[in-house]
Structure formats: C-alpha cells, structure tokens
Amino acid sequence: MFRSGAFVAEHVSPTTDEQVQPNGVDLTLDIVFEQLEPGRIGRDGKQIGDRVARPLEELEQKDPDTYYLPKGAYVARYGERIEIPEGHIGFVYPRSSLMRNSCMLNTAVWDAGYEGRGEGLLQVHHDVEIARGARIAQLVLAEADHEDVYDGSYQGENLE
Ligand SMILES: O=c1ccn([C@H]2C[C@H](O)[C@@H](COP(=O)(O)OP(=O)(O)OP(=O)(O)O)O2)c(=O)[nH]1
C-alpha cells in the first residue's frame, strides 16, 4: 500500500505545507551538475565521473537563483533530506509540469534504511528555466518487505 503524503512528510525535511501532496511530498531542486568525465560501472564496483555544479545565472538581465538549462542531461540534487523508513520502498516521479515542459527526471529505487540528499537524472529535451528551490519531483513511499536495510556507498550522502 502507498502511504499518505502526511506520512511521507515525516521522513522528508525540511518540508512546507505546499510540498505535502495527497500521496507524497514534493522535492525541490538544490544543485544542478554537469558531468565532465566518463564514469564506470564494473562487475565489481563503480565510479562516478567528475562533475561540476552549473552556474545559476549567466547574464545580468536574467532572474537570480535560476538555472537556465539548454537541452541536455544533468544530475539534479534535491534540497531535502530523505529517510526511507524500514518496511518501505521509495519512488520519485517528476512533477508533471516538468514533463509538460519537455523535461524528465529519471530515478532509481530508494531502499529501506537509506538516508541522505539524493539525486536524479534531469533530462532537458527543450530549453527550460528552473528556479533553485522550485518543486521538481514527488517522493512516494510504499510498504515493502525486506531483509536487510540499505548499507551502500550513498548512505548519508550530501548531509552537511
Ligand atoms: O533516483 C534515485 C534513486 C535512489 N537514490 C538513492 C537512494 C538509494 O537507496 C541509494 C542507492 O541506490 P542504489 O542501490 O540503486 O545504488 P547502487 O548504484 O546500487 O550503489 P550502492 O550499491 O553503493 O548503493 O541512492 C537516489 O539518490 N536517487
């Protein structure tokens, strides 16, 4: 069973009332990265390629604190700390307005026991402007059986 937005909000911080949806909690955009170097997925381990944070505004007449993204693929870091409670699995979906603007967020499985500020693949199929702190995605939680809890290399990532 999928949990209510109010339940999900207990595991996402910080959250405002505006972020709490009937079936989940909206996640905001914190930082956009561009990958510079190839990564590697091996049979035994992996390596994330070097990346650089994209500048927020390049021209003075543009809105401050806004990403002006040309067509391409970026890694987006969410603004919220997420904790996937035991007995659950998390899924992140793009906000539909992002999709309606020809952009997409590709995401993977959020494991029980994971805690951190995670990332998603932001695919920009048409140039778009996204303000830093704008809502771009929604996290939902479903009840799920599992034996172990998450203990991988991304545990506790991006928490200051
Ligand atoms: O779109 C997603 C999906 C998941 N995660 C977080 C939560 C998840 O629990 C963690 C690890 O994901 P996964 O298990 O897919 O990582 P991996 O590539 O298998 O690496 P590791 O074995 O080190 O965990 O990353 C994200 O940040 N973004």
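The values are calculated or read from the model by the stated rules, or taken from the named source; none is laboratory data. Since this is a predicted model, take the numbers as computed values, not measurements. Cβ coordinates were reconstructed from backbone atoms using ideal geometry, including for glycine residues, and neighbour counts include every protein chain displayed.
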Check off (1) in contact (Cβ under 8 Å) with a residue 12 or more places away in the chain; (2) over 15 Å from the mean Cα position of the chain (by Cα); (3) over 22 Å from Ser13 (Cα atoms) for Gly152 and give me the number that stays unchecked.
(3)
When Met104 is evaluated against the numbered criteria (1) closer than 21 Å to Asn158 by Cβ; (2) within 13 Å of the chain's Cα centre (by Cα), which criterion, by number, is the only one it fails?
(1)
Neighbours by Cβ (under 7 Å, 6+ apart or cross-chain): first from segment 102-114, more than 15 Å from Asp151 (Cβ to Cβ); second polar (S, T, N, Q)
Cys103/Gln123; Met104/Gln123; Asn106/Gln123
Looking only at residues that are part of a strand (DSSP E or B) and hydroxyl-bearing (Ser, Thr, Tyr) in segment 76-100, which one is farthest from Tyr154 (Cα to Cα)?
Tyr93
Could you please find all residues in segment 74-106 being more than 23 Å from Ser4 (Cβ to Cβ) and within 12 Å of the ligand (Cβ to nearest atom)?
Val75, Ala76, Arg77, Asn106
Matching residues, segment 6-62, being at pLDDT 95 or above, of a type in the set (S, T, N, Q) and part of a loop (DSSP other than H, G, I, E, B)
Thr15, Thr16, Gln21, Asn23
Among the charged types (D, E, K, R) and at positive phi: which single residue out of Asp50, Asp65 fits that description?
Asp65
Among the residues of segment 107-160, which ones are of a type in the set (Val, Ile, Thr), within 9 Å of the ligand (Cβ to nearest atom) and surrounded by 14 or more Cβ atoms within 10 Å (Cβ to Cβ)?
Thr107
